[in-house]
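Novice: The structure's right below; bear with me while I get my questions together.
The values are calculated or read from the model by the stated rules, or taken from the named source; none is laboratory data. Here the structure is a predicted model, which is why all the values come from computation and not from measurement. Virtual Cβ from ideal backbone geometry, glycine too; neighbours counted across all protein chains shown.
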Amino acid sequence: MFYREAGQFKPTYDADSAIFPIRQDRIAMLIILGIAYVAIPLFASPYIFSAIMIPFLIGTLAAIGLNILTGYCGQLSLGTAAFMAVGAFASYNFMLRVPGMPILLAFAGGGLMAAGVGILFGLPSLRIRGFYLAVATLAAQFFILWFLSKVGWVSNYSSSGVITAQKIVILGYAFDTPPAKYLLVLSIVVVMALAAKNMARGNVGRSWMAVRDMDVAAEVIGIRLMRAKLLAFAVSSFYCGVAGALFAYAFLGTVEPEAYSLDLSFRILFMVIIGGVGTVLGSFLGAAFVTLLPVLLSVSVRFLDSSIGLHIPESAISNLELMVFGGLIIFFLIVEPHGLARLWQIGKEKLRLWPFPH
Amino acid sequence: MRQSETPLQSTTSSERNVGDVMLKLDNISLAFGGVKALTDISFDVREREIRAIIGPNGAGKSSMLNVINGVYRPQHGTIAFRGSVRHDMNTHDAAAHGIARTFQNIALFRGMSVLDNIMTGRNLKMKANFLEQAIWYGRARREEFANRLKVEEVIDFLEIQHIRKTPVGRLPYGLQKRVELARALAAEPSLLLLDEPMAGMNVEEKQDMCRFILDVNEQYGTTIVLIEHDMGVVMDISDRVVVLDYGKKIGDGSPDEIRSNQAVIDAYLGVAH
Amino acid sequence: MSFFLEVLIGGLLSGVMYSLVALGFVLIYKASGVFNFAQGAMVFFAALTFVGLLEKGLPFWLALPATLVVMVVLALVIERVVLRPLVNQPQITLFMATIGLAFFIEGLAQLIWGANVRGLDLGLQDEPLQWVSDQWGMSISKFDLAAAGVAAVLVTSLALFFNRTRIGRALRAVADDHQAALAVGIPLQQIWAIVWAVAGAVALVAGLLWGARNGVQFALTFVALKALPVLILGGFESIPGAIVGGLIIGATEKLAEVYLGPFVGGGIEGWFPYVLALAFLLIRPEGLFGEKIIRRI
């Protein structure tokens, strides 16, 4: 009843290919942005910023990056965290060694560094496919982390191996409170998500999907495989690099290799699978899911404890988390391989007909 | 249902204004390890004509198309396309020179809609780089809509408006073939290679496809090389026919000449040779 | 020279252990076309269950078959819950499902048995063979030799099983084409259950050997990741390939660490096998023993 499209015509191609073609969607988006930019900073506690919103946003950005590579272009990657680490360390070094470097530029520089490394480790994709490529990305993951911990120059010869990230100061204003960091991260993510969506609906996105679906046919219609694949690696790694820099500067406060372990690569992969492979919306939904699940688990454990006296030890919670993630991956792959994004779409279609059944 | 029910009218070569030699293949030989797919094949294709390649299964017809469009590199022989001679062609150059094709087993991009699939056919016409596309406003946006206009013309031409947003995986076989043709046409090719465009279709669908092929040739002047098993279709619409058998050329001429060629008859009737 | 030999032999022997894990992968891939990322988790689960049962007071000779039963049950459950609903899905989907499975099994194992590191005593000490040290001045571990022996027996029997028996032939048929195998009456689900159970048993052997060597701890799952370069070298479908690949990876890993490591600060064991496999893939994308993939268009 409320979600009717009746009367909404799309007389131009512009209107037809818009990101939010339906008026109700546009209104919903404005409301969400309003909540994100106004309501949350006003009403949320520091805990919500630091433990939920900021990791959710950073996760989204990394998931978009991985989605570009794996979802749109079909090149499976298990090395996401390594590219994030490159972004973080590169940003740190830019801030450290270039006097007066604006921090946003340092983040972009970190992204570009990550993009370069991404292209390097993406070169094998021209010969290797499928899970062989996944193993190649594992090489990236292990080698890069080793490199970042062994080569002293990268961490400024710090003896403990843990470096404190510099403060975020833009145009004299220090972003050091949780709400400030949140708004900064939010803005970066919104801009980059928009850019990703534009690329996805444009020629480059179609070329990537063509390479994913049938690379021989893509070649025949004139798409250069090498260029498309390396571009996917580059753009994807740029996104992961910026996400990694934000992870260090806006969340952890430190720049350390251990934070970018294989475990993080898997977390991002889970966000992509659960959220929906090959969609920007899926990146948001998957990141929300993966970020919220541990919180939900510990809340329910505490609830069970207080309500029916069922005591589950702390150690069990992290194992339960593993089990639930693993189980959900399998569940989604069986039931809805296109993830939460497809479920969302199905929901919207049902909403169109509501209150009628068909 | 097609609006016109008139029987197929095939224009003759003279009406079709067939021009000079566009594509010339000389002594093409192709082998995979010990298997000789093509042995010493030579023939030419003229501008604006409809050339059929026929032959029993395994004769090397698809391999021939693959050589023309750069998917396979022949070990011997030369390909001359509009004057420029080369030993082989790579797929990108073939596409850039205006050669487009369809495949025997449909090679559509299953993850995308009909419209997106056809738009990929325009990829060589789009010049905006990825950064411009990320920003969208400006050249990328203008280009996208200019190309969309062309694609919509092809969609109208092939009468697939009603399915433009459908994911191709959901379409029936006949419509998928039509979408594949649309993608090839979207590139505005000068040479169109069709690999069994009517395989698996019923009579009505075949008539539609024939009509489309003839229309493409008449309206856009596109040269067509087509592999087809349906002899009725081949005899009706083609100007000249090449016959392959076991990788060798056993016949080359007009449909009437081929029809009465003893070697061809033997090949199809399976006389030991 | 004898130091080189010592490192080499030590590497080869640890390579044998990698082969054991790779063997589980190959079995499953050969028979169902599934790349089982959860093999490492299965190794971990098997080892943990074994020591857990020992801790509970079961004697060695009971704990072993009990763990074997557990692994078989696990295999049956996996076949029913994960594999059957995903029949005919693309390989990449199955691969991601096994990633999920890996996480699930790891969580389950630690949930049931706890996450403490445990030692595992198989009655064999990790000491050098006395007479070898006396004769040639090299230290070669008794344990490693015994492990190599066990692996050799296992591999030979599996190879024979696959190539000489009727069930083995059925397994190869299934790996080639699920539908065709079904069409000739091969019971797909039973076959898969058998294969995963055998892979579980292999995981148990690998788990016991690795657990005895390095202790039973979560890091055991990373050993499984090392099996991936082994598979790349040896091909995903070849049992002898898993052995040869394992030997190469084990040897080169140790040699690289000892001879190249000091120049770059050490710790290259962590990534060297992967980079080696990567370089190898660039030259020969299908591995030493793998089959060339031909795509028709």
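Novice: Exactly one of (1) basic (Lys, Arg); (2) touching a residue at least 12 places away in the same chain (Cβ under 8 Å); (3) within 11 Å of another protein chain (Cβ to nearest Cβ) is unmet by residue A:227. Its number?
Specialist: For residue A:227, the failing item is (2).
Here is a yes/no grid of residues against (1) touching a Phe, Trp or Tyr at 6+ places or on another chain (Cβ under 9 Å); (2) part of a helix (DSSP H, G or I):
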{"residue": "C:3", "(1), (2)": "no, yes"}
{"residue": "C:11", "(1), (2)": "no, yes"}
{"residue": "C:18", "(1), (2)": "no, yes"}
{"residue": "C:21", "(1), (2)": "yes, yes"}
{"residue": "C:35", "(1), (2)": "yes, no"}
{"residue": "C:52", "(1), (2)": "yes, yes"}
{"residue": "C:63", "(1), (2)": "yes, yes"}
{"residue": "C:70", "(1), (2)": "yes, yes"}
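Novice: When both residues are 6+ apart or on different chains and their Cβ atoms are under 6 Å apart, which pairs have a first residue that lies in segment B:208-227 and is within 20 Å of residue B:175 (Cβ to Cβ), and a second that is in a loop (DSSP other than H, G, I, E, B)?
Specialist: Short answer, once both residue conditions are applied: B:208/B:2; B:209/B:197; B:209/B:198; B:210/B:8; B:216/B:222.
Novice: Could you pull out the residue among A:327, A:347 that is more than 17 Å from residue A:56 (Cβ to Cβ) and modelled with pLDDT of 90 or more? Steps first, answer last, please.
Specialist: Numbers: A:347 fails: modelled with pLDDT of 90 or more.
When all the criteria are applied, what remains is A:327.
Novice: If you don't mind, there's one more thing I want to ask. Restricting attention to helices (runs of 4 or more DSSP H) lying wholly within segment C:90-194, give those where 1 or more residues are on the phi < 0 side of the Ramachandran plot, at pLDDT 80 or above and β-branched (Val, Ile, Thr). Break it down stepwise before answering.
Specialist: Working: elements: C:91-113, C:130-136, C:142-164, C:166-176, C:178-183.
The helices (runs of 4 or more DSSP H) meeting that bar are C:91-113, C:142-164.
Novice: Further, regarding this structure: Which one of these is over 30 Å from residue C:272 (Cα atoms), in contact (Cβ under 8 Å) with a residue 60 or more places away in the chain and outside any loop (DSSP other than H, G, I, E, B): A:123, A:184, A:145?
Specialist: Values: A:123 fails: over 30 Å from residue C:272 (Cα atoms); A:145 fails: over 30 Å from residue C:272 (Cα atoms).
Within the list A:123, A:184, A:145, the selection yields A:184.
Novice: May I pose another question? Hey, among A:63, A:115, A:82, A:136, which residue is closer than 15 Å to residue C:278 by Cβ and modelled with pLDDT of 95 or more? Walk me through it before giving the result.
Specialist: Working: A:63 fails: closer than 15 Å to residue C:278 by Cβ; A:115 fails: closer than 15 Å to residue C:278 by Cβ; A:136 fails: modelled with pLDDT of 95 or more.
None of the other options fit; the residue is A:82.
Novice: Can you name the residue in segment A:1-24 that is among the aromatic types (Phe, Trp, Tyr) and either more than 14 Å from every other protein chain (Cβ to nearest Cβ) or within 29 Å of the chain's Cα centre (by Cα) (or both) and, of all such residues, is nearest to residue B:119 (Cα to Cα)?
Specialist: Ranking the candidates gives A:20 first.
Novice: For the subset of segment A:187-207 comprising residues that are in a helix (DSSP H, G or I) and over 18 Å from the mean Cα position of the chain (by Cα), which member is farthest from the other protein chains (Cβ to nearest Cβ)? Please lay out each step first, then the result.
Specialist: Of all residues in segment A:187-207, those in a helix (DSSP H, G or I) come to A:187-201, A:203-207.
Right, trim to over 18 Å from the mean Cα position of the chain (by Cα) and you get A:201, A:203-204, A:206-207.
On the way: A:201: 8, A:203: 5, A:204: 4, A:206: 5, A:207: 6 Å.
The extreme case among them is A:201.
Novice: Report, by residue number, each residue of segment B:111-128 that is facing chain A (nearest Cβ under 8 Å) and either surrounded by fewer than 19 Cβ atoms within 10 Å (Cβ to Cβ) or not in a loop (DSSP other than H, G, I, E, B) (or both).
Specialist: B:116, B:119, B:120, B:123, B:124
Per-residue answers, yes or no, for (1) of a type in the set (Gly, Ala, Ser); (2) part of a helix (DSSP H, G or I); (3) modelled with pLDDT of 85 or more:
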site: C:224; (1), (2), (3): yes, yes, no
site: C:237; (1), (2), (3): no, no, no
site: C:240; (1), (2), (3): no, yes, no
site: C:256; (1), (2), (3): yes, yes, yes
site: C:266; (1), (2), (3): yes, no, no
site: C:273; (1), (2), (3): no, yes, yes
site: C:276; (1), (2), (3): no, yes, yes
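Novice: Quick one: which strands (runs of 3 or more DSSP E) sit completely within segment B:39-110 and have at least 1 residues that are within 14 Å of chain A (Cβ to nearest Cβ), in contact with a His (Cβ under 7 Å, 6 or more places away or on another chain) and of a type in the set (Gly, Ala, Ser)? Lay out the reasoning, then the answer.
Specialist: Numbers: elements: B:50-54, B:76-81, B:84-86, B:99-101.
Fully inside segment B:39-110 and qualifying: nothing.
Novice: Cβ-Cβ distance below 8 Å, separation of 6 or more or different chains: which pairs start in segment A:59-74 with a residue that is among the acidic types (Asp, Glu) and end on one that is crowded, with 24+ Cβ neighbours inside 10 Å and modelled with pLDDT under 95?
Specialist: none
Novice: For segment C:228-259, which residues satisfy the criterion of being within 25 Å of residue C:176 (Cβ to Cβ) and among the charged types (D, E, K, R)?
Specialist: Passing the criteria: only C:237.
Novice: Where in segment B:138-256 are there helices (runs of 4 or more DSSP H), lying wholly inside it, with at least 1 residues that are closer than 30 Å to residue B:42 by Cβ and either among the β-branched types (Val, Ile, Thr) or modelled with pLDDT under 90 (or both)?
Specialist: Values: elements: B:139-158, B:173-186, B:203-220, B:231-237.
Helices (runs of 4 or more DSSP H) meeting the threshold: B:203-220, B:231-237.
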